[in-house]
Structure formats: structure tokens, C-alpha cells
Amino acid sequence: MQELAKHHEVFAVFGKKGIWDHLDTYLRRRNEIDVHRRHTLAPLLPASHNAHAFPGPVNTLRFLRRLGIPCYKVSHLNGAASVDLLKRLKPDYGIAAVDHMLLPAVIDCFPTLLNAHYGNLPQVKGRDATEWSILLHDHLNVCLHEIVERMDAGRIYLKENIAVDKGDDFEILRAKCQDAAKSLYLRFFERPEECKNLYESNEDGKNYYLMNWELKALAQKKVERR
Amino acid sequence: MNLGSLLDFTYLSFIDACKHSLYPYLPKRRSIQSDRVHLEAAVSWLMKSIDKVDGNGSSKAYRILNGWMPPYPETSGYIIETLLNLQDHYGDGKFFQAASKIGDWEISIQLEHGGFVGREIGVLSRPVIFNTGMVLLGLNALFDRTREKRYLDAGIRAGQFLVECLDENGCFVRNLHDHLIHTYNVRAAWALIQLGLLSGSRDFIEAGRKNVEWSLGQQLENGYFLHNHFRKGQKALTHSIGYVMRGILEAYLLLGEKRYLDCLKKTADKFVAIYGIRRRLVSELDENWKEVSSHLCLTGYAQIALNLLKLFKITKEERYLNTALHLIDDVKLQQPLNRRSEYFGGIKGSFPVYGRYAPLQFPNWAAKFFIDALLLKIEVMRDYENSLIDKLSLGRQ
């Protein structure tokens with residue numbers, strides 16, 4: 001965002017308003033991920049990484065406001081208030097960083113809505129894509145693709161391979177993916193039209209859902225045995 | 001009913017009501033134990049249900065307010081196969097003894113025309129297709145294991161009864177439960193095909209095949225099966241859909257017709273998507289897979305998990321395995337593991353316990369399907385882990 005804001009007019013919309021929205025998400029997600037570890041990951045990574053890729057826990061809203069980026073809050077991104085707001089703001093591009101499906105009404109507010117998928121497209125669509133990619137394949141990609149109505153099924157514009165090292169766990173891989181996603185977005189916005197013309201089809205593949213903890217453990221073993 | 005059971009009822013209902021309303025927020029991982037712990041608890045409950053009726057079948061259910069029910073020929077029939085699998089798993093002769101005693105009891109209550117009564121002992125005197133088919137599965141399993149002729153003879157009589165219930169389209173139309181056509185009777189077709197292969201009779205195989213074909217015709221494009229409810233006005237239950245899936249799956253395994261597998265995958269894919277998105281499978285679903293109840297049928301969970309595990313073995317499609325593991329975890333969460341309780345190790349009919357499916361009961365078939373699913377899960381996970389290790393070793397070479 002910081003980089004993009006230097007050359008573009010940028011704004012952010014947050015899909016949670018009150019303490020209850022955050023509590024609801026926290027309670028649901030603690031069954032699925034190690035919430036605490038995700039938010040305190042930075043000190044666990046090598047110092048070389050810390051400096052640029054993993055700045056540690058920050059309050060995103062405060063951070064963006066400090067940069068002078070306008071921020072809006074709606075109670076739900078799929079709600080009518082969100083659609084009204086987006087229609088009013090008329091963005092040229094959108095970047096979605098959400099953990100749920102967006103309704104067509106929201107998607108239609110953007111001429112191009114982008115998402116960085118932390119898994120191997122077109123084969124692995126949906127939730128826990130990093131874990132599924134590791135379990136099913138021997139490599140991991142971050143894919144920049146367009147959001148369409150069907151889950152993770154829009155055109156793929158850019159891809160980057162992630163180095164999976166012995167000793168990595170899924171939170172570390174996720175942090176690596178975040179780092180790669182940032183560079184993909186910057187690359188895309190350097191030459192958006194060119195990237196859009198050179199797209200890769202995203203037709204095949206299957207939808208995957210939340211991975212069971214026993215399969216996750218097997219996928220983790222697979223990383224350890226590399 | 002005594003004060004103890006009344007307290008049990010109040011406590012269980014209150015806890016379940018709280019758990020049900022907070023379901024998405026419950027800390028799941030911490031509440032479940034290893035497969036071995038849950039399996040042993042369920043097995044101990046199942047053996048208790050057999051002991052309670054002196055080995056003559058298995059008690060239909062433990063009712064929270066009324067205690068143990070009389071034996072149920074239908075479910076006792078298909079419990080035989082589970083007992084034989086437990087014999088293989090633990091290598092303990094008591095399971096085989098229990099299975100053969102139930103088999104002998106089933107033969108002793110077989111009706112003159114070969115059928116078996118519907119409902120638990122003492123309620124209904126007329127034979128019903130589905131119940132007969134389920135006992136036939138047990139007799140087939142015992143004959144396959146022992147080669148003792150009495151099991152085959154009784155099986156053939158049951159098979160002849162079933163064939164007489166079919167019409168020219170392959171639909172079971174006579175001796176129906178509640179006088180309704182049921183697609184889930186395809187499980188009886190599975191029993192017929194099995195009997196045909198064991199006895200070498202083509203007639204049984206063809207009769208079974210005809211019903212499987214009829215059942216395939218009941219499937220909608222979205223994978224849903226019509227005529228698959230227990231009572232008028234009801235919609236299909238995950239329990240009855242699980243029955244249909246298993247019937248067709250076993251017919252595929254016995255006859256090798258790829259169409260059966262394709263049909264099955266359509267329904268299985270739907271369950272994978274529904275569970276993936278909603279994170280639960282409610283008991284009743286309409287033709288558009290819309291939820292028409294809020295309670296969960298834990299038997300249905302265990303059955304669908306079992307079917308998905310079997311499908312994973314055939315297709316090697318990890319999405320089936322993943323959903324099966326989630327479903328098994330969800331059932332584990334509901335299994336009481338307090339050894340002092342009368343229903344230690346049992347599986348509730350519904351979650352919450354007062355839900356519409358088998359309310360306030362721990363049915364024997366819920367424990368049976370849970371045991372089946374756990375036994376298969378242990379095998380599948382072991383093989384899957386080994387195959388991953390093999391692949392990695394090959395990759396290194």
C-alpha cells in the first residue's frame with residue numbers, strides 16, 4: 001500500500017466495524033489457525049527477513065492512516081453500505097484481502113479486482129491453498145488472479161514460486177507468500193494492461209476447503225522430510 | 001423413569017443446547033481424543049448393547065429417560081459385519097462369538113416367507129424389505145466367514161422374499177416401510193448382489209442390479225436422490241442419503257459398473273462442498289440441498305464419512321478424505337467419554353440430543369457406523385501416510 005500510494009490514489013475499506021465482528025472472527029478462526037503465532041511470527045523469523053518482509057504485528061488501520069491513506073469501515077464487505085460506498089468511490093482497480101467469498105454486487109464495483117492466492121492455481125482453488133498445494137504437489141506458488149464470481153477462478157496474471165525450506169511451517173510459508181504477493185502487486189501495477197493481456201487461463205482445478213488438522217500434520221511432515 | 005435419568009436428561013439437554021448455539025466457536029481440537037480412545041469407547045458401548053439383551057441381537061438404543069430398548073433385528077443384522085471387522089482388528093474371539101450368536105438369533109426369528117420384521121422386537125409382526133436386506137447383509141458376512149450352510153440357507157430364503165417385493169422396473173413395491181417407496185432400499189439390492197455372488201445365483205444378482213438401476217434414476221442432476229425420506233412430508237436425511245450412497249458404492253465394488261461410481265461422486269462432491277462452505281451437514285435437506293432442519297444427525301455424519309473414506313480409497317481424491325476426517329472429528333466431539341455414565345461411548349441420534357432424529361436416544365446403529373468409520377479411517381490414514389513417504393523417497397532418488 002505504501003509503495004502503491006506513491007504513484008496512485010489509494011483507499012482502503014475494512015469489513016469489520018465493532019468489537020463483536022472481530023471477536024466473532026477470532027473465535028471461529030482459532031479452530032483453524034494458530035492465531036497467536038500468526039500475529040507474533042516476526043520474531044521467529046531470521047533477522048534478515050524481519051527488516052523488510054515481516055515487520056511484526058502492526059495495527060493496519062493506524063498504519064494506513066499515518067500514511068495518509070483514506071480508510072473506510074463497513075460492518076460487512078458484502079453489505080449494501082459497502083456496495084454504496086464502492087459505487088461512490090468508483091475505483092479503477094481493487095485488491096481483495098479477505099477470507100470469505102465476495103458477492104457479485106461487490107465484485108461488479110471494480111473493473112478489475114485482484115487477489116493474491118497463496119497456492120497453486122489453477123489446480124488448487126479455495127481455502128488453505130498453501131497447505132493443499134504442499135500436500136498435493138511438490139511446489140508452492142503465489143498467483144495474482146482476477147476475482148470473479150466463482151471461487152479463485154479468474155484469469156491468472158502473475159505467478160511467483162516460493163522456496164519451501166526444511167523447517168518451514170505453514171505460518172512461515174504464509175509470511176513468505178505475503179512477501180511474494182507484495183512484489184506481484186507492485187509488478188502488476190507497473191504495467192497493468194500488459195499483465196492483463198498476457199493472462200493464463202484458470203479453468204481447471206478443484207475447490208478445496210478447510211484442511212483437517214490430521215492432513216495438515218501430514219503436509220507439515222512432508223515439508224520436514226524434504 | 002427415575003430421578004437419575006431425569007437429571008441426565010436435563011443435564012444433557014442443557015449442555016447440548018449451549019453447545020449447539022455456540023457450535024462454530026467451540027474449541028474443537030482440544031476436546032477430541034485419539035482414534036483408539038474413541039473406538040474403544042464405542043466398542044464398549046456396542047458390546048454393552050448386546051449384553052443387555054443376552055446376546056440375542058443388540059438393544060435398539062439407550063433411551064435417556066427409559067433405559068435400554070429391546071433388540072432390533074435390522075440393525076443387529078448389519079452389526080454382525082462390524083463385529084467381524086472388530087474381530088480382525090483386535091484379534092479377540094469375543095467379537096466373533098457375539099456375531100455368530102446374533103446370526104443364530106436372527107435365523108430363529110426369520111418369518112415363514114423368509115422376511116424379517118420391521119421395528120424392534122414386539123412392535124411389528126409383518127416383514128419389511130429394508131429390515132430383511134439388513135439382516136441378509138449379516139447372514140452373508142457370516143457365511144462368507146464360516147462357510148456354514150445354515151447362514152446361506154437363511155440368506156437364500158431372505159433373498160427370495162426380497163426378489164418377490166420387486167416390480168418390473170426394479171423398484172421395491174411390496175412390504176414397504178410406512179407404505180412408501182424408498183430409494184435407500186438400494187442397500188437391500190447390495191445384499192442381494194452379495195448373496196448372488198456367494199451362492200452363485202444370477203437371479204439374485206440381476207434382481208439387485210435392477211434395483212440399483214432404478215435407484216440411479218432417482219438421482220437429480222445436483223446429486224440429490226428423490227423418494228429418500230422415511231415418512232410422508234419429510235425430506236431426505238443425511239442418514240438416508242448415506243444409505244443410498246453405500247448401497248450404490250458396494251454395488252459398484254461388486255459389479256464394477258463405472259456409472260455407479262460417477263453417480264456416487266456427484267452426491268459426494270455435493271457433500272464436500274456443502275460441508276466445506278457451511279461447516280456442518282444438518283439432518284434434513286431438500287431437493288436443492290437447502291437446510292430444512294437445524295439439528296445434526298450423527299449417524300448420517302458417520303455414514304457419510306465412511307462412504308467418503310471408501311471413495312477416497314477408490315479415487316485417491318484427497319477432498320473426500322478431508323471431509324471424512326472433519327465429519328469423524330465432529331462425531332468424536334459428541335461422544336460421551338465419562339466412564340461412569342450409562343451411555344459412555346454411545347453416539348447420540350441427534351445433536352442436540354433432543355433433535356428430531358432419534359430424540360433422546362443413543363441408537364446402536366449410530367455406534368456401529370462410527371466404529372466402521374473409525375476402523376476404516378485408521379487403515380486409510382496409515383496407507384496414505386505410507387504412500388506420501390514412498391513418493392518423497394522416490395522423489396529423492
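The values are calculated or read from the model by the stated rules, or taken from the named source; none is laboratory data. None of the values given here were measured: they were computed from a predicted structure. When we count neighbours, we look across all protein chains shown, and the Cβ atoms used for this are built from the backbone with ideal geometry, even at glycine. SASA here: full protein model, heavy atoms, side chains in, ligands and nucleic acids out. Shrake-Rupley method; radii C 1.70, N 1.55, O 1.52, S 1.80 Å.
Charge dipole of segment B:84-211 (Cα centre as origin; +1 on each Lys and Arg Cβ, -1 on each Asp and Glu Cβ, all else neutral): 120 debye, rounded to the nearest 20.
Just for chain A, what percent of DSSP beta bridges are antiparallel, to the closest 5?
55
Per-residue shielding of A:205-212, expressed as the average number of other chain Cβ atoms within 10 Å of the residue Cβ, stands at 6. Considering only B:Ile248, B:Ala17, B:Leu83, whose Cα is most displaced toward the positive end of the charge dipole of chain B, charges sitting on Cβ of Lys, Arg (+1) and Asp, Glu (-1)? Result: B:Ala17, furthest along the dipole toward the positive end.
Would you mind working out the accessible area per residue for segment B:278-397, using a 1.4 Å probe, and quoting it in Å²?
Using a 1.4 Å probe on heavy atoms only, each residue of segment B:278-397 averages 34 Å².
Based on the mean of other beta carbon atoms within 10 Å per residue, what is the order of B:337-344, B:299-306, most packed first?
Final packing ranking: B:299-306, B:337-344.
When peptides B:153-159, B:280-286 are sorted by average Cβ neighbour count within 10 Å, with the highest value leading, the order is B:153-159, B:280-286.
Counts of other chain beta carbons within 10 angstrom of each beta carbon in peptide B:271-278 average 3. Taking B:Ser350, B:Ser294, B:Ser76 in turn, the Gaussian network model of chain B (Cα-Cα springs below 10 Å) assigns the largest fluctuation to B:Ser294.
Surface analysis of segment B:48-115 yields an accessible area of 38 Å² per residue, using protein heavy atoms and a 1.4 Å probe.
Mean per-residue shielding of peptide A:25-32 is 3, counting Cβ atoms of other chains within 10 Å of each Cβ. Taking the 1.4 Å solvent-accessible surface of chain B as the whole, the part contributed by carbon and sulfur is 51%. Its Cα centre serving as origin, the protein assembly as shown has a Cβ charge dipole (Lys and Arg +1, Asp and Glu -1) of approximately 1380 debye. Between helix A:80-89 and chain A, what is the angle of the helix's C-alpha long axis to the longest principal axis, kept within 0 to 90° and rounded to the nearest 10? Here the helix axis deviates by roughly 70 degrees.
Of the accessible area of segment A:2-224, computed with a 1.4 Å probe over protein heavy atoms only, carbon and sulfur atoms account for 52 percent. For segment B:98-139, the list of GluC sites (Glu not before Pro) that fall in a loop by DSSP and count at most 14 other C-beta atoms within 10 angstrom reads B:Glu112. The C-alpha atoms of chain A define a longest principal axis, and helix A:170-190 lies at about 40 degrees to it. Using Cβ point charges alone (K and R +1, D and E -1), the dipole size of chain B about the Cα centre works out to roughly 940 debye.
Chain B contacts chain A over a buried accessible area of about 2500 Å², both sides summed; the probe is 1.4 Å and only protein chains count. Kindly identify segment B:29-85 as rounded, prolate or oblate by the Cα gyration tensor criterion: order the square roots of the eigenvalues as a ≥ b ≥ c, call it rounded if a/c is under 1.5, otherwise compare a/b with b/c, prolate if a/b is larger, else oblate. Verdict is oblate for segment B:29-85. Ranked from largest, the principal axis spans of the Cα set of the protein assembly as shown equal 88, 56, 53 Å. When the charge dipole of segment A:2-224 is built from unit charges on Cβ atoms (+1 for Lys and Arg, -1 for Asp and Glu) and taken about the Cα centre, the candidate among A:Ile107, A:Ala81, A:His139 whose Cα reaches farthest toward its positive end is A:Ala81. Its Cα gyration tensor gives segment A:2-224 an equivalent ellipsoid. The semi-axes, each the square root of 5 times an eigenvalue, are 27, 21, 19 Å from largest down.
Cross-link partners of B:Lys368 among aspartates and glutamates, defined as those whose alpha carbon lies under 14 angstrom from its own and excluding same-chain residues fewer than eight positions apart: B:Glu40, B:Glu74, B:Glu81. With protein chains left intact and a 1.4 Å probe, residues in segment A:2-224 average 53 Å² of accessible area per residue.
Seen against the Cα atoms of chain A and their longest principal axis, helix A:19-29 is set at about 30 degrees.
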